1. Which helices (runs of 4 or more DSSP H) does segment A:1-113 wholly contain that include 3 or more residues that are of a type in the set (D, E, K, R)?
2. Select from segment B:129-141 the residues that are surrounded by fewer than 22 Cβ atoms within 10 Å (Cβ to Cβ) and touching a Lys or Arg at 6+ places or on another chain (Cβ under 8 Å) and list them in ascending order.
3. Identify the residue in segment A:145-158 that is open to solvent by less than 60 Å² (accessible area, probe 1.4 Å) and under 24 Å from A:L22 (Cβ atoms) and, among all such residues, is farthest from the other protein chains (Cβ to nearest Cβ).
4. Got at least one residue in segment A:327-334 being assigned to a helix (DSSP H, G or I) and buried (at least 19 other Cβ atoms within 10 Å of the Cβ)?
5. Got a number for residues in segment A:379-393 being open to solvent by 90 Å² or more (accessible area, probe 1.4 Å) and over 27 Å from the mean Cα position of the chain (by Cα)?
6. Here is a list of conditions, (1) out of contact with any Pro (no Cβ under 9 Å at 6 or more places or on another chain); (2) not assigned by TED's automatic domain parsing to the domain that holds A:L13, and A:K63 meets all of them except one; can you say which number that is?
7. What do you reckon, is A:K245 touching a strand residue (DSSP E or B) at 6+ places or on another chain (Cβ under 6 Å), outside any strand (DSSP E or B) and more than 14 Å from chain B (Cβ to nearest Cβ)?
8. Show the residue pairs meeting these rules: Cβ distance below 7 Å; 6+ apart or different chains; first residue within segment A:385-402 and not assigned by TED's automatic domain parsing to the domain that holds A:N313; second residue open to solvent by 50 Å² or more (accessible area, probe 1.4 Å) and part of a loop (DSSP other than H, G, I, E, B).
Number of protein chains: 2
Amino acid sequence: MKKKNITILGAGLVGSLLACMLEKRGYQVQVFERRSDMRKQKLIAGRSINLAMSVRGWTALEKAGIKEQFEKIAIPMHGREIHQSNGETNFQAYGKNNEAIYSISRGELNLQMMNLAEEAGTVFHFGHKCTDVNLETNQVTFETENGTEYHTADLLIGADGAFSSLRTAMTKTDRFNYQQFYINAGYKELHIPPTENGEHQIYKNALHIWPRGKFMVIALPNMDGSFTCTLFFPFHGTPSFDTVKTKEDVKTFFAEYFPDVINRMPDLLEDYFDNPTASLVTVKCDPWIYKNKSLLIGDSAHAIVPFYGQGMNAAFEDASVLVDLIDEDPNADDWSDILKRYNDSRVKNGQAIADLAIRNFYEMSDHVAKPEFLRRKKIEKEIGTLFPEKFNSVYEQVSFTNNDYAKAWKRQKAQDVLLEKILKIEDFKEIPFSQKALDQLEILLDEYQKVIG
Amino acid sequence: MKKKNITILGAGLVGSLLACMLEKRGYQVQVFERRSDMRKQKLIAGRSINLAMSVRGWTALEKAGIKEQFEKIAIPMHGREIHQSNGETNFQAYGKNNEAIYSISRGELNLQMMNLAEEAGTVFHFGHKCTDVNLETNQVTFETENGTEYHTADLLIGADGAFSSLRTAMTKTDRFNYQQFYINAGYKELHIPPTENGEHQIYKNALHIWPRGKFMVIALPNMDGSFTCTLFFPFHGTPSFDTVKTKEDVKTFFAEYFPDVINRMPDLLEDYFDNPTASLVTVKCDPWIYKNKSLLIGDSAHAIVPFYGQGMNAAFEDASVLVDLIDEDPNADDWSDILKRYNDSRVKNGQAIADLAIRNFYEMSDHVAKPEFLRRKKIEKEIGTLFPEKFNSVYEQVSFTNNDYAKAWKRQKAQDVLLEKILKIEDFKEIPFSQKALDQLEILLDEYQKVIG
C-alpha cells in the first residue's frame, strides 16, 4: 500500500527527529521551515542554548537508532553544584546511583538531526513561513522569497513551536481549550569562556546554580570548555530587568550578588546588552489533534518553562509514543485511531510536565532562601532515606524513567500535601525522628500511598 | 482640540452602546460589523436570545441617557420559579426588597441601540469582516463584498465578541496571557408560545428553571407572551446531545424529565432539530489594552458562561467605567493613562465574573440534587437571616449593586470555605442552631470577615 505523504511544519529538534523516524517507516516526509538553513550559517560554538538530555530524550534517540552519535557530544552532569552568596558551594547528586543528565548543544543536535533526516530522504524547504492552514483540506499557505506557495498534505504535523501556526488554526475550532501564560521573569544568555588551555573554569560535570531567591544564574558545560549561562530575572521590581539598565547597574548588580561569577565573565557587559531579553511562556491545549488530519507535537502542544529541564525531553517522548502507535498498526490507511490514541496518551502528560515546571519555578524563586523551605527539604530527604520504597523522588521519576509525567505530578501534589501536614506536627521538629514521630509518619505515608495509587 | 477618531469593531450590544456614549463626548465614531445590517432583516419575535438585565446594565444605560426607552421593553423577574421533577414549583425571590432582574430581547436592544448611535452621528459599515489588525499602526484589513478594504484608526476598540480579531492580534504579542476553555455542556434554544389570547402560559415575572442535575431547561419571558427557553445539556454521556438524536429520543427524553414542559412546546421537535447546538466558552486575558492604541471590551475580553446572567451586564459596566475615566480627563490627547486605568480597573473584575459564572455552572449541575447541597443551602440562608450585616448574599452583590465583581468573588470563596467548615461541625446539624453552635458561628464569622476585609 502507498504510504501517506507527511508534512511537518518546523525543522527544529522534534520536527527533524520525527522526520528520521517516519522515513525509516516508509513515509515520504517534507519539512517546511520559516527560517533559512542553519547549516549554511556559521555556528558560534558555546553561544547557542544548551539542553539537558535525560532518559526520555535518550530513549527516543535510541528508538531512532541514532543515540550513539549524540553521546559523543553530550557532557554528563551528575548533580547540581549550588553556589551560595558567601561563595561556598555544595554538590547535590541527582540520583542515588550516579545518574546524570547530559548537557548538549541545541544547535549541534539540530544540525546533525537535519542531516540524518535528509540522508533518510526527507525534503527540507527553508524560508517558508506558514501564514495559513486550512484544517479541512490540509492546504498550507506559505510566504516565501518567491511569493505565496501552497502545499497539501495527507497528514500535517505541527512541530512549529510555542507560536505554532497549526495550533493557531486549531484555536478557532469549536471546543478547543487553549491557554498561554507568562511568568513574571524573563532570561538572558551569558557565558563563561574556557581557560587559556581550553579547560572548564568550574567543575565540568555539574549543572551550576547561583540561587538568589527571585533570580538566579545557571551554567551548563559545553564541549569547548565554555559554559552557557542563563540569568533568570524578574521583569519588574527591585532588582529586575527594569532597574538593571546601564553598564554601571550591571557591574554593581553582579558584584553584589554574583561576585564569584563576574570574574569569570569577561564579556558580561557585551552579552548583557547584545543578547535579547526573552520571555517564558507556558502553553497548554486540548486536543492536540484535528480529526484524522493533523497533530501537534513538542512546544506547539506544550511549551513549558525550563525549570525542570524537560522541554526537549517531553517533545522527544511525544515522538517516541507516536511512532510506537504507528508500529502497532504499520499499514493503517486512516490515522484516526492512531491520532486518537496519541492524544489520549500525551495531552495529560504534556499538561503535567508544564505544571511540574511551573511548580519548580515557584519553589526556586519563592522558597529557596526561607528557613521553612530548608527544614522541609531536610525532612523530605529523611523520609526518602527511611522509606525509600514508599517515598520516591519525583525528580528521579521525571528525569531517570520513562514513567508518565502525569503520575509524577500526582505524586508531587500528594508529597506537597504530606509535607504540609508534617510541618505542622510538633513531633517532627527533630531529626532523627522520635519513635512517636515515626509512628505518625507510617500512618501519613499510608494515606499518601492511597492517594498516589 | 480635535477629538480622536475612534473605530469600533463589532456592532453588537456593547459596540453600539459605546458608540452612543462616545458620540455624546464629541468623538467621531465608526463601527465595522462582519454581518449585514440586522435592522434590514425580519426579526422573528420571541425567537431571539433574551438577556437578564440587572443593576450594572441599567447603570450604563442611565449614564448613556437611554434607560427609559429600554424599560418599556423589559419584563421584571422578581425571582426564580423552580420546577421540580414531580411537577411541584417553588418561587425563590432574588432579593429581600422585591428586587428584580429584567428579561429583554437581545435583538430589540441591539436594534434600538444602533438607531441611537446612528442618530448621534456614528457611521456603521456592515458586511466588513476583519481579517487582520496591525497593532502598531492601527490599520485594520476587512474583507467585503467589494474586495479588501483598509481603515486606520486613532484608537481601536475591539467589541467583536468571544472570537475577537483584535484579541487574536494581541495574542501574538509578548507576555499576553490568554485562556479559552469550554465546559462539557452546550445549549439549544426552544420556545413556549403565548396562549391564544397572547398571554404567558406560565408565571410572567419569574426566571423559570427546571433543574435536573447535569442538565436543565430555563425560560425567560418575552413581551409577546412567549418564553424563550434554553436546554443546557452535556455533549457526551447519558443522557446528552450524543444520545438524544432522533425525534423519538427527544419525545421520550422530554416526557421523562420535563413532562410539564413538553405540553407547552408545540414546536419542540422543529426547534430541537432546526436550531443549532451551541458551545459555551470562557475567555480570560490580560492585558485588555495595547500601548495607547487599542482596547478590548465585552466578550472579546471576558466571554463568560451564562449561568450568572452577567455577560451583557459586565460588558456594559466596562463601557461605564471607560467613559467615567474619559470624563475625568475629557481633553486627553494621548489615551495611555486612560487605557492603563481602564485595564487596572477591569481585568480583575472580568476574570472574577468569569469564575463566578463557572462556579454557578458546577453548583447547578453537580450539586442541585444532593442532600448535602440542600442542607448547605438551608444553613446559608439561616446564617444570612441571623447575621444580615456580616453575611451578605453574593448574588445580591453581583446583581443588585455596582460593587466590584472581584470583591464578590473573594466573598464567594470565603463563604465556600466557611460553609465547608460548618458542614463538618456536628453542632450545626439542627436548625434553629443551638447556643453552642451560635457561639462557634460567631468565631467563624469573625474569621470570614477578616478574609473578605
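1. A:55-63, A:67-71
2. The answer is B:K129, B:L135, B:E136, B:N138.
3. Applying the filter and picking the extreme gives A:L155.
4. no
5. Residues in segment A:379-393 being open to solvent by 90 Å² or more (accessible area, probe 1.4 Å) and over 27 Å from the mean Cα position of the chain (by Cα): 2 in total.
6. Failing condition for A:K63: (2).
7. no
8. Between residues of segment A:385-402 that are not assigned by TED's automatic domain parsing to the domain that holds A:N313 and residues that are open to solvent by 50 Å² or more (accessible area, probe 1.4 Å) and part of a loop (DSSP other than H, G, I, E, B), the close pairs are A:Q397/A:N403.
The values are calculated or read from the model by the stated rules, or taken from the named source; none is laboratory data. Computed from a prediction, not measured in an experiment: that's the story for all the values here. Using ideal geometry, Cβ is built from the backbone for each residue, glycine included, and neighbour counts are taken over all protein chains shown. Accessible surface is based on the protein model in full, side chains and every heavy atom, while ligands, DNA and RNA are left aside. Shrake-Rupley method; radii C 1.70, N 1.55, O 1.52, S 1.80 Å.
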